[in-house]
Amino acid sequence: MIHFKIPKKFLGVLVLLIIALLTMKFTGIERTTLTPVEKALRELLAPLQSGVTTVARSLSNVTDSILSYKEIQEENKLLKEKVRKLTIENSHLEEFRQENVRLNLLLDFKRQYEERWEMEPAHVIARDYDNWNSTIIIDKGSNHGIKKDMAVSNYQGLVGRVINVTPNTAEVLLIIDSESAVGALAQTTRVPGVVEAATDGNEKLQMVHIPHDAPLPVNGVIITSGLGQIFPKGLKIGYIKKVIPAPNGLVKKALVKPFVDFDSLEEVLVIKKDKGATP
Amino acid sequence: MKHFFRLSILAVVGLTLESTILEKIAIAGVKPDLMLVIVIFYALLYGEIPAAKLGFIYGLLEDLATGKFIGINTISKMLTGYLVGLGEGKLYSDNLMVPVIGLFIGSIANYLCFFILGIIVGHPEVFPVESFFQTIMISTIYNVCLAPFLYGRYYRLVRGTSKRSINTRT
């Protein structure tokens, strides 16, 4: 008879192994409850885990910031370049938008008066060269049918008259120039006068040669009278800001605020021909 | 008593770190097994029986903290501790190559045991064969890489000796 004698040490390990396999088998599947020992261990570890995680997270944030510094710098550079490009693009778009608004207004004006006048649109390409004259240069000239003494307007009102032309340009004397004089009348009271550059006050224009008793309402609109054969009748010039009697008491003058913004003239219409239709 | 206290502290620290910051340095989802590293170091210094006991306790603590397959780490770490502990006395424990080799053999033994037990219990979805070799390779290399940083400190801590160098004598 052969007897197998298993050493106690291995017997113990074998028993342990069997117990372990059994517990593994029963704890491998989803468990609904934990044993008190497991709960206690988790409770013991929880505050430590929480503390370590908090510290690690803070350190991680700091190291992330340090490690990503170069990346952020690169990104910042790219974003700055992008902002620069977009700013330029935005500026161009804004320019187009404003031009579109102005051209639309000019087109409205042209449509409104096309039965009365034949008009040629033009861009302002230059301003006066010195401080003594108020003139502009436009990009249309004799090649486009522009001639001396043609009236120039925009959608706001009267701008001036052509004083000289080249094949592709024309110089326009603005009505605010001291050399300019426009036959005018008050739209409502039909009082005639001459509009010229103002000699005093804050306004750029004044209407002179008005009898002292002629009715001139403040804020009344002044239009061209059509006398003088240069400016067609009915173009808006400005409105009366103030009426000032002359020292001799025989006549008076009115300070006129022009409708046209002469500092930002960009597109104009040259009135080439009066078709003779009534306004 | 002092020795027991130190090992208890190490267990708590190991469990805490494994479940927190070691996740952040995981490579391909695999992180170093700090508890196993401690058991293997212990085995190299104290031999198979004390290491098997420590492996049993550390493994059980890990299983209880995990709450699943209770016993799998217990047996794996116990057997690993025993196996590596067999080398104690035959090698110079203060040589740096000893923990490197110990961690290499111990890690492979531990994960093989872990995997075999998993197969026996019959949950292949938890222990997939496809990723097993990748996991075992990364874990082993990761654990081995810890040797130069941790062995000297561990040596001084558990032996309670003053600072002494770990040389490269074989």
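The values are calculated or read from the model by the stated rules, or taken from the named source; none is laboratory data. Quick caveat, the model's predicted, so the values are computed rather than measured. Here Cβ is always computed from backbone atoms with ideal geometry, including for glycine, and neighbour counts include all displayed protein chains.
So how many residues does the range B:61-99 have that are surrounded by fewer than 22 Cβ atoms within 10 Å (Cβ to Cβ), hydroxyl-bearing (Ser, Thr, Tyr) and under 25 Å from A:LEU44 (Cβ atoms)?
Selection size over the range B:61-99: 1.
With the requirement that a residue be within 12 Å of another protein chain (Cβ to nearest Cβ) and farther than 16 Å from B:LEU36 by Cα, what does the range B:84-117 give you? Give the derivation first.
Our first condition is that a residue be within 12 Å of another protein chain (Cβ to nearest Cβ); within the range B:84-117, this holds for B:113-114, B:116-117.
Matches in the range B:84-117: B:ILE116, B:LEU117.
Pick from A:LYS39, A:LYS25: which is in a helix (DSSP H, G or I), under 30 Å from B:GLY71 (Cβ atoms) and modelled with pLDDT of 85 or more?
Working: A:LYS25 fails: modelled with pLDDT of 85 or more.
Result of the check over A:LYS39, A:LYS25: A:LYS39.
I need the strands (runs of 3 or more DSSP E) fully contained in the range A:187-229, keeping only those with at least 2 residues that are in contact with a strand residue (DSSP E or B) (Cβ under 8 Å, 6 or more places away or on another chain) and without any contact (Cβ under 8 Å) to a residue 24 or more places away in the chain.
On the way: elements: A:192-197, A:205-211, A:221-224.
Of the strands (runs of 3 or more DSSP E) lying wholly inside the range A:187-229, those with at least 2 residues that are in contact with a strand residue (DSSP E or B) (Cβ under 8 Å, 6 or more places away or on another chain) and without any contact (Cβ under 8 Å) to a residue 24 or more places away in the chain span A:192-197.
Looking at the range B:12-40, which of the residues that are among the hydroxyl-bearing types (Ser, Thr, Tyr) and part of a helix (DSSP H, G or I) is farthest from B:ILE108 (Cα to Cα)? Walk me through it before giving the result.
Of the residues in the range B:12-40, the ones among the hydroxyl-bearing types (Ser, Thr, Tyr) are B:16, B:19-20.
Now narrow it down to the ones that are part of a helix (DSSP H, G or I): B:16, B:19.
Details: B:THR16: 24, B:SER19: 22 Å.
Restricting to residues being among the hydroxyl-bearing types (Ser, Thr, Tyr) and part of a helix (DSSP H, G or I), the top hit is B:THR16.
Have a look at A:SER50, A:SER65 and point out the one that is part of a helix (DSSP H, G or I), within 13 Å of chain B (Cβ to nearest Cβ) and of a type in the set (Gly, Ala, Ser).
Working: A:SER65 fails: within 13 Å of chain B (Cβ to nearest Cβ).
Residue meeting the stated conditions: A:SER50.
Output the residues belonging to the range A:220-250 that are surrounded by fewer than 16 Cβ atoms within 10 Å (Cβ to Cβ) and farther than 14 Å from A:GLN187 by Cα.
Result: A:LEU227, A:GLY228, A:GLN229, A:LYS242, A:ILE244, A:PRO245, A:ALA246, A:PRO247, A:ASN248, A:GLY249, A:LEU250.
Yes or no: B:TYR58 aromatic (Phe, Trp, Tyr) and under 12 Å from the mean Cα position of the chain (by Cα)?
Details: aromatic (Phe, Trp, Tyr): yes; under 12 Å from the mean Cα position of the chain (by Cα): yes.
Judged against the criteria, B:TYR58 is a match.
Can you pull out every residue in the range B:41-57 that is away from chain A (no Cβ under 13 Å), surrounded by fewer than 24 Cβ atoms within 10 Å (Cβ to Cβ) and either in a loop (DSSP other than H, G, I, E, B) or without any contact (Cβ under 8 Å) to a residue 40 or more places away in the chain (or both)?
B:GLY47, B:PRO50
Would you check if A:LYS85 is more than 30 Å from A:LYS233 (Cα to Cα), in a helix (DSSP H, G or I) and of a type outside the set (Ser, Thr, Tyr)? Before you say what the answer is, go through the steps one by one.
Numbers: more than 30 Å from A:LYS233 (Cα to Cα): yes; in a helix (DSSP H, G or I): yes; of a type outside the set (Ser, Thr, Tyr): yes.
The answer is yes for A:LYS85.
In the set B:ILE38, B:ILE25, B:ILE21, which member is crowded, with 16+ Cβ neighbours inside 10 Å and within 11 Å of another protein chain (Cβ to nearest Cβ)? Outline the logic, then answer.
Values: B:ILE38 fails: within 11 Å of another protein chain (Cβ to nearest Cβ); B:ILE25 fails: crowded, with 16+ Cβ neighbours inside 10 Å.
The match here is B:ILE21.
Could you check how many residues of the range B:64-83 are of a type in the set (Val, Ile, Thr), more than 7 Å from chain A (Cβ to nearest Cβ) and touching a residue at least 24 places away in the same chain (Cβ under 8 Å)?
Restricting attention to the range B:64-83, the residues satisfying the condition of being of a type in the set (Val, Ile, Thr) are B:66, B:70, B:72, B:74-75, B:80.
Subset that is more than 7 Å from chain A (Cβ to nearest Cβ): B:66, B:80.
Next cut, touching a residue at least 24 places away in the same chain (Cβ under 8 Å) only: B:80.
The total comes to 1.
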